[in-house]
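Student: There's a structure below that I have some questions on.
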Amino acid sequence: MESVLTAVFGTAVGLVMGVALAATLPTVFADVGLRTLAIPWASIGLMLALAVVVGVVAALWPAVRAARLPVLDAVSTE
């Protein structure tokens with residue numbers, strides 16, 4: 001769960017910053033002809049969904065490896 005939250009939070013912060021920076025472009029480039037900003041909401045939603053999948057995979061991979069390791073081997077010291 002922690003890895004999912006970390007992945008989604010990082011993705012959300014990046015998307016918000018990217019959209020905020022892109023929102024300033026029409027004011028900066030108004031002289032060139034850029035007057036409107038089109039935000040691809042479907043792509044943004046897809047990126048958030050992909051972040052959830054990556055977070056789940058990042059959590060499951062070590063969990064599966066740990067589950068396969070015998071307990072006494074995991075806690076023994078040399």
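The values are calculated or read from the model by the stated rules, or taken from the named source; none is laboratory data. Bear in mind the structure is a predicted one, so any value in this text is a computation, not a measurement. In this analysis, Cβ positions are derived from the backbone assuming ideal geometry, glycine residues included, and neighbour counts consider all displayed protein chains. We work out accessible area using only protein heavy atoms, side chains counted, and drop any ligands, DNA or RNA first. Shrake-Rupley method; radii C 1.70, N 1.55, O 1.52, S 1.80 Å.
Student: Within region 6-53, can you find the residues that are free of Cβ contacts under 8 Å to residues at least 24 places away in the same chain and of a type in the set (S, T, N, Q)?
Tutor: Within region 6-53, 24, 27, 36, 43 meet the criteria.
Student: Does residue 37 satisfy being touching a helix residue (DSSP H, G or I) at 6+ places or on another chain (Cβ under 6 Å) and open to solvent by 70 Å² or more (accessible area, probe 1.4 Å)? Working first, answer last.
Tutor: Values: touching a helix residue (DSSP H, G or I) at 6+ places or on another chain (Cβ under 6 Å): yes; open to solvent by 70 Å² or more (accessible area, probe 1.4 Å): yes.
Against the criterion (touching a helix residue (DSSP H, G or I) at 6+ places or on another chain (Cβ under 6 Å) and open to solvent by 70 Å² or more (accessible area, probe 1.4 Å)), residue 37 qualifies.
Student: All but one of (1) among the aliphatic types (A, V, I, L, M); (2) open to solvent by 60 Å² or more (accessible area, probe 1.4 Å); (3) not in a helix (DSSP H, G or I) hold for residue 46, so report the exception by its number.
Tutor: Going through the list (1) among the aliphatic types (A, V, I, L, M); (2) open to solvent by 60 Å² or more (accessible area, probe 1.4 Å); (3) not in a helix (DSSP H, G or I), residue 46 breaks only (3).
Student: Condition first: under 14 Å from residue 4 (Cβ atoms) and either touching a helix residue (DSSP H, G or I) at 6+ places or on another chain (Cβ under 6 Å) or modelled with pLDDT under 90 (or both). Now tell me which residues in region 58-78 satisfy that.
Tutor: Taking region 58-78 and keeping what is under 14 Å from residue 4 (Cβ atoms), we get 58-63.
Listed by number, the residues that qualify are 58, 59, 61, 62, 63.
Student: Residues in region 8-22: is at least one modelled with pLDDT under 90 and surrounded by 11 or more Cβ atoms within 10 Å (Cβ to Cβ)? Quick ask: steps written out before the conclusion?
Tutor: Going through region 8-22, the residues modelled with pLDDT under 90 turn out to be 22.
Retained after the next criterion (residues that are surrounded by 11 or more Cβ atoms within 10 Å (Cβ to Cβ)): 22.
Looking through region 8-22, at least one residue is modelled with pLDDT under 90 and surrounded by 11 or more Cβ atoms within 10 Å (Cβ to Cβ).
Student: If you check residue 55 against the conditions, is it at positive phi and either touching a helix residue (DSSP H, G or I) at 6+ places or on another chain (Cβ under 7 Å) or not in a helix (DSSP H, G or I) (or both)? Steps first, please.
Tutor: Values: at positive phi: no; either touching a helix residue (DSSP H, G or I) at 6+ places or on another chain (Cβ under 7 Å) or not in a helix (DSSP H, G or I) (or both): yes.
When the stated conditions are applied, residue 55 does not pass them.
Student: Please work out if residue 34 is modelled with pLDDT under 90 and outside any helix (DSSP H, G or I). Don't jump to the end; show me each part of the working.
Tutor: Values: modelled with pLDDT under 90: yes; outside any helix (DSSP H, G or I): yes.
Answer is yes for this residue.
Student: Is there a residue being surrounded by 10 or more Cβ atoms within 10 Å (Cβ to Cβ), of a type in the set (Ser, Thr, Tyr) and out of contact with any Pro (no Cβ under 6 Å at 6 or more places or on another chain) anywhere in region 61-76?
Tutor: No, region 61-76 has no match at all.
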